[in-house]
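Asker: Below: one structure in structure tokens.
The values are calculated or read from the model by the stated rules, or taken from the named source; none is laboratory data. Note that the structure is a prediction, hence the values are computed from the model and not measured. With ideal geometry, Cβ positions are generated from the backbone for all residues, glycine too; neighbour counts draw on all protein chains shown.
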Amino acid sequence: MQAHPVAVSALLLVASNVFMTFAWYAHLKNLASRPWWIAALASWGIALFEYLLQVPANRIGYTALSLGQLKIMQEAITLAVFVPFALFYMQQPLKLDYLWAALCIVGAVYFIFRG
């Protein structure tokens, strides 16, 4: 049995976003006392794994989704990965703004996938 391209794409994008989020933000916690170029090199190393997942995810997803649908799916996944990262890894407080942002993304998902 073969998985649906949208499901495969979504799973790969979730994994890709975990790497992306760490590449973009973890250095703020882990490398704050280091020069920026060390953080950049570390982030680039992590980002390589993001791209190794993101490129096939987009290619697979594009077989079943429009470009707009693929992008909005990516944004929804990004928020779903970022909020737990911010709360648990970066120890940021839970804010109502996350809910409002999520509702905006839900609206975007509705409009791009309707009909």
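Asker: Please identify the pairs in which a residue from region 66-88 that is in contact (Cβ under 8 Å) with a residue 60 or more places away in the chain has its Cβ atom under 7 Å from the Cβ atom of a residue that is among the β-branched types (Val, Ile, Thr), counting only partners at least 6 apart or on another chain.
Answerer: 77/14; 81/14; 81/18; 81/21; 82/21; 85/21
Asker: I need a count of the residues in region 23-39 that are part of a helix (DSSP H, G or I) and surrounded by 13 or more Cβ atoms within 10 Å (Cβ to Cβ).
Answerer: Adding up the residues that qualify gives 7.
Asker: In region 81-99, which residues are at pLDDT 95 or above, surrounded by fewer than 14 Cβ atoms within 10 Å (Cβ to Cβ) and part of a helix (DSSP H, G or I)?
Answerer: 84, 88 - these are the residues of region 81-99 that are at pLDDT 95 or above, surrounded by fewer than 14 Cβ atoms within 10 Å (Cβ to Cβ) and part of a helix (DSSP H, G or I).
Asker: Which residues, counting only those in region 45-71, are assigned to a loop (DSSP other than H, G, I, E, B) and either in contact with a Leu (Cβ under 7 Å, 6 or more places away or on another chain) or of a type outside the set (Val, Ile, Thr) (or both)?
Answerer: 62, 64, 65, 66
Asker: Search region 94-115 for residues that are in contact (Cβ under 8 Å) with a residue 12 or more places away in the chain and pair each with any residue that is part of a loop (DSSP other than H, G, I, E, B) when their beta-carbon atoms are under 9 Å apart and the residues are at least 6 apart or on different chains.
Answerer: So the pair list comes out as 112/66; 113/65.
Asker: May I ask you to list the residues in region 59-99 that are over 15 Å from the mean Cα position of the chain (by Cα) and of a type in the set (Lys, Arg)?
Answerer: Matches in region 59-99: 59, 95.
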